Structure formats: structure tokens, C-alpha cells
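Okay, so here's the structure we're looking at.
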Amino acid sequence: MSFAITSAAGVARLAPISRRATSTGFLLLALSASPMITPTLASRTAGVHPQRMPLSSTQPTCPLNRDTSPATVGLRSFHSTSHNWRSTPQFTYHVAASYSAKQDRFNAEQNLYTRPVHDASRSNFEDARECKESIDKRRRARSGQDAFFFSQVGNTNTTTFGVADGVGGWVESGLDPADFSHGLCEYMACAARSWPYGFNKTSLHPKDLLQAAYDEVTVDSSIEGGGSTACLAVAEPNGHVEVANLGDSGFMHLGRNAVRHFTQPQTHAFNTPYQLSKTPQRMLVQMAVFGGPSTLSDLPKESSVTHHKVRHGDVLVFATDGVWDNLSPQDALGIVSDHMVDVGAWVERDGTLEVGQDLAELVQAGSTRKADSSSLQAKVAIAIAKEAKETGLNTRRDGPFAKEVQRYYPGENWHGGKPDDIAVVIAVVLEDGPQRAKL
């Protein structure tokens, strides 16, 4: 969760910011927001969770949390309208998501989403707004303020997926932070589904998708205000994956017991990530009358963009800070590797790891129905969410967030995990080829 700085009645207030997602047909899910921490809190007591720190000229910043994500020089064109390149390998992405609201017990069976069977022939929605309006808000995942989404892009074989983390501090302004993050993910899924309608480009990039969704959220009268981080990808069947990250949700690219990439969070200061936001009209009027600092708000164009080339058997991990504040990249790699090796998705031969021959079966690629809880991607998603949940509630095991607090604010005496909403999306990469012949 993060802070938006606002002013009312001449008094500057700190409105924290949190995150969430939903699921309908082609998926949309919402989850919960992170707690905040104040520098005056000397210890944590039962039932009281520290809050994120506001921006202030007197607060030290955390240089390690600034955006240092390497971005490939130059932009590659993603031609989502044509994928018949027989000379290059073709890939599919097998997606599952697991989540848990901060206040709820973790339920592996109920808090699980697995992608529907890909249907490139399905007709497009003609309008993203019409698509969004067809979504029943009551069917959103019970996931707090975090959110996630998955959708194919138009009638192509390109897919897009990601997470958003609603800014919980907006509760102090009488808003439900989940509306913003859920709405953002719903609009991203709807815009992708209706592509190329509404886009004036021949290719879809994640930053453009985020911009389109943000534009819709800002004019949607059903979303009064709020804020969110976001991390999303557009994954092409030729193995090119483009990722846009804004804030402190994040992405890992794993391949055969190796971390190929891990995003660094974008922050303005310690525990104050970049974030999209929408300020209610009533608050804008108060600011105009009484003055004071304005709401903290960044734009989609400020996202950190990276390009990746995936291989058969790679695993992509997208998660909100409810995961990354409690699990290090090494922790996540260990969880993924254990499951991949245990089921034979990664196999050790002559001292090296290779992709197992049964990967297509493990991700249930040949099924005529959507993958279930026994699929590899579901098991990995559940394992990461479960470990993050348990670590967040463990007062003896210091996670990455605790270590950062100890480094920059040693007087806080912070130990243990950080209870928060959790959302994790897993995509297992499968190359089409001989291994699919028997399915």
C-alpha cells in the first residue's frame, strides 16, 4: 500500500494507497492491499498493522527501491495480427492465479483461478466499456484490494496477464480501494479482448494496454477514486514477452533453476511506490479551496518496460507486494524449482536440469476443459501464495520488508513478516512441437 498526499480544511492528510482484481469468462480478479508503517511505531501489537510512510522531505529515501530495472535498448514491434511464422518455435502460456485477502484464511481450493481453454475463434467484444459494464461486481474474487487478470488479445494467439495492488489509504477518504484495482484489471482484460478496437496501432504493448485501462477508469463514474500499482505482460506465441511495471508489484522470469530476470520496484521513497490514481471531484474542490499538496499520481508512460525471450519450460511469476515483501527472489525460485523437479517438469540429467517430456500433460495442454487445481501452474501458484501468506503471519521469520525497515529505520524494531493481501499469477511456457503429438 502507498500514500497519496492530500489536503482538506487546511490540514495536510496522508491518504495511503492500496491494490486488488476479478474474474469473468476470460478472467478478472481482485485481491487485497498492504499495511502501512509509520516511523513512530516502536513495535507491532496484535490487531494493529503498521502503515506505509508518507512522502516527506525529512524522511530518508530508499535508493535500493528505486527503479533500476534494465530495459532493452530500442523497441521491438509486436505484430499481434499475424502469428504464422513457421520458421520460429511457437509457444503457449498456461496460466493460473492464487490469492488471499489479508483478513482471510488461505484456502487453496477456493482462491484459485486457472485460465480457460484458448479460443482464438471467439468473437471480439466491440467495445471495452460495454464489456466492462457486463461484469457482475458481485462475482469478483474475495481477494481484498489486490487484483489480477488474464485475456487473449482479440482473436489472436497472443495473451496478456498481470496484477494490480489497490492503495488502501484511500479508505480514509471514504473510498473502497478495490474498486480502482479491480476496475483497472477489468478494463485491461476487456481492452485486450476487444483489440484492435480502440487502438490505432498494429501491435499491442503492455504500456498501451495500461494506458487504455487507466483512461477508462478515470472517466468511469462508478469508480469515484482510488489508486493502484500494476505489473503486466503481453506474451506472444513466438516467445517474445514484453512487461510493463509501475510501482512495487513485480515480475520474475525463471528458467531451469535460474532467475533470468527480477524487476526492481519503482518508488518515490521508502514504502511509497509509483502508482496510478484518480482523485474524487469533492477532494479536488477541497484542494482548490484550502490548498496544500496534491494527490500522489504517476502515469502509465512512467512504467518500466522490459523485453524477454522465453524458452520451453520457463516459468513467469507476477505478484503483488504481499508476495515480494515476504519472499525473496531466492525463496520464490526455491518454491518453483521444488515443484518443477518433484513432478518431473524439470529433470536432472548429467548434472544439469532439462525440461521433462511430460510438461504438456502436466499443464493439461491437451484437455478440452480449462486446467484444474492439479495442473502444474495451479500447484506452483498455490505454493507461492501459501508460503507468502504463512511468512506474512510469522513473527519470527524476517522477510524482505522487515530487513528493509531494519536497515532504514532500526529504531522501529520490526521483525517478522508483513500481513497483506496476496495475488500471484503463474505462466508456464510450453513450446508447440513433438511433445504435443500424443495429446
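Side notes on the structure shown:
- The alpha-carbon atoms of the range 278-330 define a convex hull whose volume equals 158 cubic angstrom per residue.
- Relative frequency of Cα-Cα separations exceeding 14 Å in the range 378-433, percent: 61
- Loop-located GluC sites (Glu not before Pro) across the range 162-264 with a Cβ neighbour count of 15 or fewer within 10 Å are lacking, with loop assigned by DSSP.
- Taken along its principal axes, the alpha carbon cloud of the range 175-296 reaches lengths of 56, 38, 23 Å, longest axis first.
- Bridging of K389 to lysines at a Cα separation below 19 Å is possible for K102, K379, K403, K418, once same-chain residues fewer than 8 apart are set aside.
- Average projection area in nm² (convex hull over Cα atoms of the range 125-225, one quarter of hull surface): 6.3
- Normalised alpha carbon radius of gyration of the range 154-200 [divisor 2.2 N^0.38 Å]: 1.47
Where a number appears in this text, it was derived from the coordinates with a stated rule and is not lab data. Everything numeric here is computed off the predicted structure, so don't read it as measured data. Using ideal geometry, Cβ is built from the backbone for each residue, glycine included, and neighbour counts are taken over all protein chains shown.
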